[in-house]
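Just below is one structure, and these are the notes that go with it.
The values are calculated or read from the model by the stated rules, or taken from the named source; none is laboratory data. The model shown is predicted, which means the values in this text are computed figures rather than measured ones. Methodologically, a virtual Cβ is constructed for each residue, glycine included, from the backbone with ideal geometry; neighbour enumeration extends over all protein chains shown.
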Amino acid sequence: MHKQNNSLAVVSFILGLLGLVGLLPLIGSLFAIVLGHMARRQIAADPSQDGEGLALTGLIVGYIGLVLACSGLLVVLVFSGGSLLTALLAIFVSTPASAMLLLV
């Protein structure tokens, strides 16, 4: 019998990837982490569900994206002279590569 993938695991994986590549920086990573934990709990409670690997991958990629986004925020804050507005715009609106262009 084929097990159905947990939908939260799939969404966690997708949001983790989007957060990592910069399409949804910080927000995508945070939601990937939360949904990944929820999916792992649901999969453990219901043996008819599959997707443990997707949930774990979403968690790992989400945590990596979170670290990168926070590091990018710190870099932008340091190089922008401490302008919090510039740093927040750089993180929430653009990718890390584009954020550096705001400084020029």
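Selection of first residues in region 56-76 that are within 12 Å of G16 (Cα to Cα) and of second residues that are crowded, with 16+ Cβ neighbours inside 10 Å and of a type in the set (K, R), restricted to Cβ pairs under 9 Å at least 6 apart or on distinct chains, gives the following pairs, ordered by first then second residue: L56/R40; L59/R40. Checked against the criterion of being buried (at least 17 other Cβ atoms within 10 Å of the Cβ), more than 30 Å from M1 (Cβ to Cβ) and modelled with pLDDT of 95 or more, the candidates G62, G58 yield just one match: G62. Evaluated against (1) surrounded by fewer than 22 Cβ atoms within 10 Å (Cβ to Cβ); (2) among the small types (G, A, S); (3) farther than 24 Å from A69 by Cα; (4) in contact (Cβ under 8 Å) with a residue 24 or more places away in the chain, A44 falls short on exactly one condition, (4). Residue count for region 15-26 under the criterion of being touching a Gly at 6+ places or on another chain (Cβ under 7 Å) and in a helix (DSSP H, G or I): the result is 5. Given the structure, is I43 touching a helix residue (DSSP H, G or I) at 6+ places or on another chain (Cβ under 8 Å), of a type in the set (A, V, I, L, M) and modelled with pLDDT under 95? No.
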